[in-house]
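The values are calculated or read from the model by the stated rules, or taken from the named source; none is laboratory data. What you see is a predicted model; the values in this text were computed from it and never measured. Neighbour counts are summed over all protein chains in view; Cβ atoms, including those assigned to glycine, are modelled from backbone coordinates with ideal geometry.
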Amino acid sequence: MPRKICVVVTARPSYSRVKTALDAIQADPELELQLVVAASALLDRYGSVVDQIEKDGFAIREKVFMVLEGENPTSMAKTTGMGLMELATTLLNLNPDVVVTIADRYETIATAIAGSYMNIPVAHIQGGEVTGSIDEKVRHAVTKLADIHLVASEDARQRVIRLGEDPDMVFNTGCPSIDIAAGVAKAHSPCFDPMKKYRGVGKELDLSGGYIVVMQHPVTTEYKDARHHVEQTLNAVSDCDLPVLWFWPNVDAGADGTSSGIRAFRENRDASRFHFYKNMAPEDFLKLLLGSKCLVGNSSVGIRECAFLGVPVVNIGSRQAGRQRGRNVLDVDYDRQQILEAIRHQVNHGRYESDPIYGDGRAGEKIANVLRSCPLRIEKRIAY
């Protein structure tokens, strides 16, 4: 019988982090894909990915609604608890051979805890990395709960081994999102018109002379400063002469501060050069980045995909602190002038050479191979 692989997607970015692995699992006759979509990945206000997942040909086996409103540390903790309860029921019903959890979000640890207590082998994608805020604690905790480690770089692999994990169960597969970036880079297709395809909010912009992309999320350990942080970035990019394509923040603590700062700017300042989006298909988003002059903000896409694509990045604040980065990243603080000067520097510099820190474009295939062939060292026992 095929091994049943349950993959839990809990947030908008997680889908791009696992899409090519889903393709490879679904295509493998020795594996059965059980796709679960949960948490903010289901919520339209944060850019639901359900339509895109189904459009890409994946059947969703279960939907798990588990996000408690509030965008603060308490709501994050309670969402984790709700997720643990709901995901335990989902795993009981699906009875998988392996459950796959992704990266470092609080919903991720709920998946790992449920799988561990139910004696289901847990496979963790993107363990072993170092970043700022609560994410690093969550990531390393999930590493200790996981049985199969699918890391994105050699640096991460060595760190997971130093954490005490069995080297034979730590696999440097690279990051599946790099597979998509490699395809986008190879295609050399011209950038599409995002306003026609995705509409968004804002005036029609002429992008023929170049543009910048902004993706800034709140930092959970600095959530009370989220509005101030985003105001510094809004003011800096408004001082540039280029059109701005801005993506909505995720659901973390402080998201209400980030969102209210964006809305206040849009209502009280000249936002005629801004256009706002919730979500895009992974391929389209990377095409947009590849055609941009610069990415501004604190998203890990600047560290991962943009390094491979050679896109200049202005990384703001502590959210990506400690994460291995390429030559394309310029780090600054939450300071209007610093951000503006860094943007001008990166725009003038132009594209960087590709830096394949996080993979060679075959991660999805490698992940499926590991999930098919690696020994499952837990005897799966689910009590009915």
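The single condition among (1) in a helix (DSSP H, G or I); (2) closer than 21 Å to Arg344 by Cα that Asp284 does not satisfy is (2). With respect to (1) out of contact with any Cys (no Cβ under 6 Å at 6 or more places or on another chain); (2) in contact (Cβ under 8 Å) with a residue 60 or more places away in the chain, the lone exception for Val122 is condition (2). The set of residues from region 150-173 being among the small types (Gly, Ala, Ser) and in contact with a Phe, Trp or Tyr (Cβ under 6 Å, 6 or more places away or on another chain) comprises Ala152, Ser153.
Go through region 88-129 and give me each residue that's within 26 Å of Val301 (Cβ to Cβ) and part of a helix (DSSP H, G or I). Within region 88-129, Tyr106, Glu107, Thr108, Ile109, Ala110, Thr111, Ala112 qualify. Residue count for region 170-203, restricted to those that are of a type outside the set (Lys, Arg), surrounded by fewer than 19 Cβ atoms within 10 Å (Cβ to Cβ) and in a helix (DSSP H, G or I): 5.
The single condition from (1) touching a strand residue (DSSP E or B) at 6+ places or on another chain (Cβ under 7 Å); (2) buried (at least 24 other Cβ atoms within 10 Å of the Cβ) that Arg105 fails is (1). If you go through region 7-41 and keep only what is surrounded by 20 or more Cβ atoms within 10 Å (Cβ to Cβ), more than 18 Å from Asp97 (Cα to Cα) and not β-branched (Val, Ile, Thr), you end up with Ala11, Arg12, Pro13, Ser14, Tyr15, Ser16, Arg17, Lys19, Ala38, Ala39, Ser40, Ala41.
Among the residues of region 74-87, how many are of a type outside the set (Gly, Ala, Ser) and either assigned by TED's automatic domain parsing to the domain that holds Glu222 or within 20 Å of the chain's Cα centre (by Cα) (or both)? Walk me through it before giving the result.
From region 74-87, those of a type outside the set (Gly, Ala, Ser) are 74, 76, 78-80, 82, 84-87; that's our starting set.
Next, only the ones that are either assigned by TED's automatic domain parsing to the domain that holds Glu222 or within 20 Å of the chain's Cα centre (by Cα) (or both) stay: 76, 79-80.
Selection size over region 74-87: 3.
Please find, within region 296-325, the residue that is nearest to the chain's Cα centre (by Cα) out of those that are surrounded by 22 or more Cβ atoms within 10 Å (Cβ to Cβ), over 14 Å from Thr131 (Cα atoms) and of a type outside the set (A, V, I, L, M). Among those residues, the one meeting the criterion is Glu305.
Each residue in region 1-36 was checked for being under 25 Å from Phe276 (Cα atoms) and either of a type in the set (Asp, Glu) or not in a helix (DSSP H, G or I) (or both), and 3 pass. Scanning region 144-169 for residues that are under 19 Å from the mean Cα position of the chain (by Cα) and crowded, with 23+ Cβ neighbours inside 10 Å yields His149, Leu150, Val151, Ala152, Ala156.
Yes or no: Leu234 more than 20 Å from Arg319 (Cα to Cα), among the aliphatic types (A, V, I, L, M) and in contact with a Phe, Trp or Tyr (Cβ under 8 Å, 6 or more places away or on another chain)?
Values: more than 20 Å from Arg319 (Cα to Cα): no; among the aliphatic types (A, V, I, L, M): yes; in contact with a Phe, Trp or Tyr (Cβ under 8 Å, 6 or more places away or on another chain): yes.
No.
Where residues in region 92-102 are crowded, with 23+ Cβ neighbours inside 10 Å and of a type in the set (A, V, I, L, M, F, W, C), which of them is nearest to the chain's Cα centre (by Cα)?
Ile102
Counting only residues that are at pLDDT 95 or above and not β-branched (Val, Ile, Thr), which one in region 5-26 is farthest from Gln126 (Cα to Cα)? Among those that are at pLDDT 95 or above and not β-branched (Val, Ile, Thr), it is Gln26.
Reported count of residues in region 333-356, each being surrounded by fewer than 20 Cβ atoms within 10 Å (Cβ to Cβ) and not charged (D, E, K, R), is 10.
A quick yes/no check of all residues on (1) closer than 18 Å to Val214 by Cα; (2) at pLDDT below 95:
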{"residue": "Ile316", "(1), (2)": "yes, no"}
{"residue": "Gln320", "(1), (2)": "yes, yes"}
{"residue": "Val332", "(1), (2)": "yes, no"}
{"residue": "Asp335", "(1), (2)": "yes, no"}
{"residue": "Gln338", "(1), (2)": "yes, no"}
{"residue": "His345", "(1), (2)": "yes, no"}
{"residue": "Val370", "(1), (2)": "no, no"}
{"residue": "Arg381", "(1), (2)": "no, yes"}
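Restricting Ala152, Ala187 to those that are assigned by TED's automatic domain parsing to the domain that holds Val100 and closer than 27 Å to Glu283 by Cβ reduces the list to Ala152.
Quick check on this structure: which one of Asp284, Asp252, Asp256 is buried (at least 19 other Cβ atoms within 10 Å of the Cβ), within 23 Å of the chain's Cα centre (by Cα) and of a type in the set (Asp, Glu)? I'd like the intermediate steps shown before the answer.
Details: Asp284 fails: buried (at least 19 other Cβ atoms within 10 Å of the Cβ); Asp256 fails: buried (at least 19 other Cβ atoms within 10 Å of the Cβ).
Going through Asp284, Asp252, Asp256 in turn, the sole match is Asp252.
Residue check: is Gln52 outside the structural domain of Lys224 (by TED's automatic domain parsing) and more than 18 Å from Ala281 (Cα to Cα)? Quick ask: steps written out before the conclusion?
Values: outside the structural domain of Lys224 (by TED's automatic domain parsing): yes; more than 18 Å from Ala281 (Cα to Cα): no.
Spelling it out, it is not the case that Gln52 is outside the structural domain of Lys224 (by TED's automatic domain parsing) and more than 18 Å from Ala281 (Cα to Cα).
Contact map, region 222-247: residues that are in the same structural domain as Ser272 (by TED's automatic domain parsing) paired with residues that are part of a loop (DSSP other than H, G, I, E, B) and of a type in the set (Lys, Arg), Cβ distance under 8 Å, separation 6+ or inter-chain. Pairs shown: Leu234/Arg269; Ser238/Arg269; Ser238/Arg273; Leu242/Arg273; Leu242/Lys293; Pro243/Arg273; Val244/Arg273; Phe247/Lys278.
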